[in-house]
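Report on the structure given below.
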Amino acid sequence: DTGVSQDPRHKITKRGQNVTFRCDPISEHNRLYWYRQTLGQGPEFLTYFQNEAQLEKSRLLSDRFSAERPKGSFSTLEIQRTEQGDSAMYLCASSPTFSTDTQYFGPGTRLTVL
Amino acid sequence: KNEVEQSPQNLTAQEGEFITINCSYSVGISALHWLQQHPGGGIVSLFMLSSGKKKHGRLIATINIQEKHSSLHITASHPRDSAVYICAVRWFGPRETSGSRLTFGEGTQLTVNP
């Protein structure tokens, strides 16, 4: 399967713990996006990478959140000192640089903070 | 107030009915996407529009740039069309720093009964 993959698919953690999610984009896709989706809402933009450079971060991304894409391929999203309000679906998407803007979404990681 | 508004929030139809979902946005955009999300989170891109109309099978998407409005139509609806349909826009802005980041509506939950 050559689509966008995310790992894990589900994560349950206790408040205060750190969690890390991984996204593997479609190979050769330069652009990678992280979005967060809470129940009953549409996704919200978190951050964007062009290759390894993190070019934009939403104000939603507090200092407890950090994202990396060290070699311009896979990306990780880490949440430190998780809070119950962090419970959501975390979606990753990728697109080629010179594209028609179509983004390809992964299946998401559902985080539950107890 | 969301910058991208969808209506209705929920829609129940009988199999075979013609369905319309609407999306309005506040300022100029470079592209509008219609996405489909099934239970479990997976998001699939249905259409990307910057003007006019597109058709794929039983799905038709239209956009009126002057009125800042788009519609998604489903002809001869079927229970397998049951999903959340999400409208998302790319605002005008520098691709170099923001890529193709999307702003999403809250989604329309469609249920088609047999």
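The values are calculated or read from the model by the stated rules, or taken from the named source; none is laboratory data. None of the values given here were measured: they were computed from a predicted structure. All Cβ positions, glycine included, derive from the backbone under ideal geometry; neighbour counts span all protein chains shown. Protein only, heavy atoms only, side chains kept; ligands, DNA and RNA dropped before computing areas. Shrake-Rupley method; radii C 1.70, N 1.55, O 1.52, S 1.80 Å.
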Give me the percent of the accessible area of chain A that comes from carbon and sulfur atoms, probe 1.4 Å, all protein chains in place.
45
With a 1.4 Å probe and all protein chains left in place, how much of the accessible area of chain B comes from carbon and sulfur atoms, in whole percent?
52
In region A:18-44, the residues losing 50 Å² or more of accessible area (1.4 Å probe, heavy atoms of protein chains only) relative to their chain alone are A:PRO43
Would you mind calculating the relative contact order of region A:1-56 from Cα pairs under 8 angstrom and at least 6 residues apart, reporting the percent as a whole number?
25
For chain A, alpha-carbon Rg and Dmax in angstrom:
13.3, 42
Given a cut-off of under 8 Å on Cα pairs at least six residues apart, what relative contact order in percent is computed for chain B?
37
Relative contact order as a percentage, chain A, C-alpha pairs under 8 Å and 6+ apart, gives 37
Peptide A:102-114: average number of partner chain Cβ atoms within 10 Å per residue?
3
Rounded to two decimals, the Debye log10 I(q)/I(0) of the protein assembly as shown (Cα scatterers, no solvent) at q = 0.09, 0.12, 0.15 Å⁻¹ is -0.37, -0.65, -1.00
DSSP bridge orientation in the protein assembly as shown - percent antiparallel, rounded to nearest 5:
90
Reachable lysines, given that their alpha-carbon falls under 23 Å from the alpha-carbon of B:LYS68 and they are not under 8 places away in the same chain:
B:LYS1, B:LYS53, B:LYS54, B:LYS55
What average number of partner chain Cβ atoms lie no more than 10 Å from the Cβ of the residues making up B:33-45?
5
So what is the 222 nm mean residue ellipticity for the protein assembly as shown from helices alone, if each DSSP H run of at least 4 adds -39500 (n - 2.57) and you divide by all residues, rounding to the nearest 500 deg cm²/dmol?
0 deg cm²/dmol
The lysines whose Cα lies under 22 Å from the Cα of A:LYS71, excluding any fewer than 8 residues away in the same chain, are A:LYS57
Once you sort the root eigenvalues of the Cα gyration tensor of region A:64-110 as a ≥ b ≥ c, which label holds: rounded (a/c under 1.5), prolate (a/b larger than b/c) or oblate (the other case)?
oblate
With a 1.4 Å probe and every protein chain left in place, work out the accessible area per residue of chain B in Å², rounded to a whole number.
47
Please pull out the direction-averaged projected area of region B:9-113, using the convex hull of its alpha-carbon atoms, in nm² to one decimal place.
6.7
